[in-house]
1. If you check ARG276 against the conditions, is it surrounded by 16 or more Cβ atoms within 10 Å (Cβ to Cβ), among the basic types (Lys, Arg) and in the same structural domain as GLU165 (by TED's automatic domain parsing)?
2. With respect to THR137, is the statement that it is buried (at least 21 other Cβ atoms within 10 Å of the Cβ), in a strand (DSSP E or B) and hydroxyl-bearing (Ser, Thr, Tyr) true?
3. Wholly within region 202-292, which helices (runs of 4 or more DSSP H) include no fewer than the required count, namely at least 1 residues that are over 27 Å from ILE377 (Cα atoms) and aliphatic (A, V, I, L, M)?
4. Using the structure shown, decide if TRP125 is among the aromatic types (Phe, Trp, Tyr), on the phi < 0 side of the Ramachandran plot and surrounded by 16 or more Cβ atoms within 10 Å (Cβ to Cβ).
5. Tell me the helices (runs of 4 or more DSSP H) entirely within region 324-398 that contain at least 2 residues that are under 26 Å from the mean Cα position of the chain (by Cα).
6. For LYS331, are the conditions met, namely being farther than 26 Å from ILE39 by Cβ and modelled with pLDDT under 95?
7. Specify which of the listed residues (ALA288, ALA336) is surrounded by fewer than 19 Cβ atoms within 10 Å (Cβ to Cβ), modelled with pLDDT of 95 or more and either in contact with a helix residue (DSSP H, G or I) (Cβ under 8 Å, 6 or more places away or on another chain) or farther than 20 Å from ASP112 by Cα (or both).
8. Hey, any hits in region 162-178 for a residue that's among the aliphatic types (A, V, I, L, M) and crowded, with 18+ Cβ neighbours inside 10 Å?
Amino acid sequence: MEHQLVSAIERALGWSGPGELGKSFVRGNMGDPALVSRILTPNRLLDIAMRRSLGRPQFRCFQNGEEVHPAIYYTDSVSPRGQSIPMVNMRSLGRLLAEGATLILDQANVFDPTMEVTCRALQWWAHERVQVNAYLTTNDAAGFPLHWDDHDVVIVQLAGEKEWEVRGTSRPVPMYRDADPNSIPTDEIVWSGVLMAGDVMHIPRGHWHQATRTGSGVGKSLHVTFGITKRTGASWLAWLGDWCREQEVFRHDLDRRDRSGDETLAEAAARLIGERPPADYLTGYEQATALPRHVPFLDVLGPLDAVVCTTHFPPQLQETGETVTVVSSGKRLTLAAKAAPALRLLLSGRPVPLERAAALVGAEVAEVAEILVKEEICAALTPELSSGYTDLVTNAAS
């Protein structure tokens, strides 16, 4: 999948792929104002808040450096039958923003198709799970105090400007669950300055940072933070812990008084480590990831005329002469070899109009598409989902 924002991030940061992710702080500018406004605008973010029943901590508001109590900007929408649904009170929220405040929407990719598709494109690029949080700050509101994240982040400034300070790490590659609380910031300032619309910044895991509009006066800032959680050696060892249960030697109780079995246990652990190296874990992680959310296809609602692959990571195709096997999301689908051209098109990550695809790879593409949709590897391309690809991902049949 070739996504314009992913390509723009690479150009801005001077990257030629995800290999530099997590290695060092770097920033740059995308140089494409139209792309910036296409991703998300302040009004679109507020529209998301207005139309959905969002709750804390997914949607939060901060003012004067402290979180605003939800009761101040939430209200219950009561139906004629007395059913109550908590909704953001947009008038109250508007007053907070007029005074100066920061809104945070975690996992914006759950609510917005453009954010959903962008995160999927980044996942296919990085081969790691990605989520995006959106931050809207008005006037001279403060942001979060100095802190560090337990994952790598790519920050894209979409509107206005915001002042940042980025420091080095106090502890190399700290983790959320760690042997050290890592609570004392370093004095080393890596960069401080103002991000403007179109700027991109990569902050590796563990780097202390803070952002604010304090002292900036009237204005706004909207940025999105793509959080990319990479696998670690600790992740691999936890995965080995699951595999060890297959062997009886690991299922026996540890005896506090008789240590005669310790050597046998250590030998079995060494064999397990040799049999299942980190590369196997990384491959298994991608192939076993659960299926994503999507609108189910029901033929009673209309024909299947366009599809798109919605797996978290690119499906793997294994061709063996007479057959071709799709490996993805914990599934293995084996089809006749003649389905390979249709599969390559349908699993490209780009939208596929089936009528146009049939002219390229044959009429069997419709049957193959139905199989992939039934197995939830592809999804019907609804107008809403299609909007997330428009002007960002080229149509696969173009």
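The values are calculated or read from the model by the stated rules, or taken from the named source; none is laboratory data. Just so you know, these numbers come straight off a predicted model, no measurement behind them. FYI the Cβ positions are ideal-geometry reconstructions off the backbone, even for glycines, and counts take in every protein chain you see.
1. no
2. On the way: buried (at least 21 other Cβ atoms within 10 Å of the Cβ): yes; in a strand (DSSP E or B): yes; hydroxyl-bearing (Ser, Thr, Tyr): yes.
So THR137 passes the test.
3. Answer list for region 202-292: 233-243, 248-251, 262-275.
4. So TRP125 passes the test.
5. Details: elements: 340-346, 354-361, 365-374, 383-387.
Those helices (runs of 4 or more DSSP H) span 340-346, 365-374, 383-387.
6. yes
7. Numbers: ALA288 fails: modelled with pLDDT of 95 or more.
So the residue among ALA288, ALA336 that is surrounded by fewer than 19 Cβ atoms within 10 Å (Cβ to Cβ), modelled with pLDDT of 95 or more and either in contact with a helix residue (DSSP H, G or I) (Cβ under 8 Å, 6 or more places away or on another chain) or farther than 20 Å from ASP112 by Cα (or both) is ALA336.
8. Narrowing region 162-178 to residues among the aliphatic types (A, V, I, L, M): 166, 173, 175.
In the following step, the residues that additionally are crowded, with 18+ Cβ neighbours inside 10 Å were identified as 166.
Checked against the condition, which is being among the aliphatic types (A, V, I, L, M) and crowded, with 18+ Cβ neighbours inside 10 Å, region 162-178 yields at least one hit.
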